[in-house]
Amino acid sequence: MQPAQPGQRVKISPKADCRIHMRGQEAARIAVAAIGRDESQRGRVLAFDRGDPAQWFMQGMAELQGDFEIVAYVMDDRHGGFTNHAYPIEFEVDGTTWQMPQPTEQLAAVILAEVYTKNDERRMKLSNEGFTFGIDAYVRARNMADVEVPYRNVPGVPLPGNGPIPHPDGRGHNRPVPVPGQLLGTGSGVLIAPDLIVTNAHVVEDGQKFEIGPARDAGTVIAVDAQHDLALLRCTTHGAPLPLRIGSPLFLGEDIMAAGFPLIDVLGADLKVTTGNVSGLTGGGGDVSRFQFSAPIGSGSSGGAIIDEFGNLVGVTSASLAHQNMRERGSISENVNFGIRAALVYEMAAAAGAELPPLAISTDNVRRNVVARARSAVVSIIIHA
């Protein structure tokens, strides 16, 4: 067995067998697929076969013509979890086994390797880069929105246990059916009016019961805008709303702070605040409803506040692009995060008939005061089936 070096390139035979062994305790929740990257194969998905909960294989990779990425991902990532807990992972091709190093970040989808052709030779690049927000973030980053990912997210099929699971042959994929009351995950939200909280649509998705803040007050979803990934909850809870900054545009390089509740099970249930700047004025593909920011976030930050230096709400945390592999430039991207503009929050509240109080824009930029106001307005959300 050889230690894998991310970026290492090796020659492989055109019909090489590939086996992936997962030695970690969460191996049963991880699936593997090869996904096409180049124009001829873009969006084509070839599922690996599963021999047991910890082993995936593809017998002869002759079908992987063109450029493919071999991706390991959490099948039920909407319910939490990371591929990190499946490591160590052993990657065997052509009789040679590499041990993949455990990622330094929490990733719910990992590109284990890239298979490609150069000078008429079949080659493979070991990668080990990935996405905090799972396989959905991967397909969005690759502009493959219509890709059907195997082995996941279909109602009525139980979470795979200790035996083989069906290969995706058109009869449906695998998605866990939550037990009523089951914990589905956690997220963040922001008070924008008394008893009115904004968060992400993907935070409340599949949830039936919502517990808000340290007192675990009961929340009710009153509106969802899936297109812009926003949702409104009604909840009788303590706190002071943040003013929305919608009268002046963001500017490139502007200082911001992100406030939310990432990784509650690891980092604790107190508010986390990180600093950064507005690093881009549009989202992916030039989406003007979003902007990019550099303040670090983590799983559970979704729905949290993005505030300016005075503590005014300028956006809602939506997603992160973690270490996207930029092959064309031979580099990676770090801290590329996306927020939804506050103007969308204002419009959604108006469309839902929820009146926002006429809060004056804050001009107090004393950091201690700004954080105190964020602490009062940003809440944790615990989601149950």
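The values are calculated or read from the model by the stated rules, or taken from the named source; none is laboratory data. Note that the structure is a prediction, hence the values are computed from the model and not measured. Glycine also receives a Cβ, built like all others from the backbone with ideal geometry; neighbour counts cover every protein chain displayed.
Summary of computed values
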{"item": "Residue list for the stretch 193-240, filter: more than 26 Å from SER320 (Cα to Cα), among the polar types (S, T, N, Q) and either outside the structural domain of ALA374 (by TED's automatic domain parsing) or assigned to a strand (DSSP E or B) (or both)", "result": "THR220"}
{"item": "Subset tally (residues that are under 23 Å from ALA372 (Cα atoms) and either loosely packed, with under 13 Cβ neighbours inside 10 Å or of a type in the set (D, E, K, R) (or both)) for the stretch 241-265", "result": "3"}
{"item": "Test: GLY60 is modelled with pLDDT under 75 and under 24 Å from the mean Cα position of the chain (by Cα)", "result": "no"}
{"item": "Filter result (outside any strand (DSSP E or B), farther than 22 Å from LEU107 by Cβ and not polar (S, T, N, Q)) within the stretch 286-310", "result": "GLY286, ASP287, VAL288, GLU309, PHE310"}
{"item": "Among residues of the stretch 311-320, those that are part of a strand (DSSP E or B) and of a type outside the set (A, V, I, L, M), counted", "result": "4"}
{"item": "Residue that is assigned by TED's automatic domain parsing to the domain that holds ILE135, more than 29 Å from ASN335 (Cα to Cα) and more than 21 Å from the chain's Cα centre (by Cα), where the choices are GLN99, GLN55", "result": "GLN55"}
{"item": "Which numbered condition GLU328 misses (of (1) at pLDDT 90 or above; (2) out of contact with any Ser or Thr (no Cβ under 9 Å at 6 or more places or on another chain))", "result": "(1)"}
{"item": "Single residue of the stretch 112-146 satisfying the filter (within 27 Å of ASP17 (Cβ to Cβ) and among the acidic types (Asp, Glu)) that is nearest to the chain's Cα centre (by Cα)", "result": "GLU129"}
{"item": "Count of the stretch 297-321 residues which are at pLDDT below 95, of a type outside the set (S, T, N, Q) and touching a Pro at 6+ places or on another chain (Cβ under 9 Å)", "result": "3"}
{"item": "Residue identified as β-branched (Val, Ile, Thr) and at pLDDT below 90 among VAL336, VAL378, VAL370, VAL345", "result": "VAL336"}
{"item": "Count - residues of the stretch 169-194 that are at pLDDT 50 or above and either among the small types (Gly, Ala, Ser) or in contact with a Cys (Cβ under 6 Å, 6 or more places away or on another chain) (or both)", "result": "6"}
{"item": "Identity of the residue in the stretch 1-59, in contact with a Cys (Cβ under 9 Å, 6 or more places away or on another chain) and without any contact (Cβ under 8 Å) to a residue 60 or more places away in the chain, that ends up nearest to ILE135 (Cα to Cα)", "result": "PHE48"}
{"item": "Every residue from the stretch 7-26 that is surrounded by 15 or more Cβ atoms within 10 Å (Cβ to Cβ), within 22 Å of the chain's Cα centre (by Cα) and at pLDDT below 85", "result": "GLU26"}
{"item": "Verdict on THR274 being surrounded by fewer than 23 Cβ atoms within 10 Å (Cβ to Cβ), out of contact with any helix residue (DSSP H, G or I) (no Cβ under 6 Å at 6 or more places or on another chain) and part of a strand (DSSP E or B)", "result": "yes"}
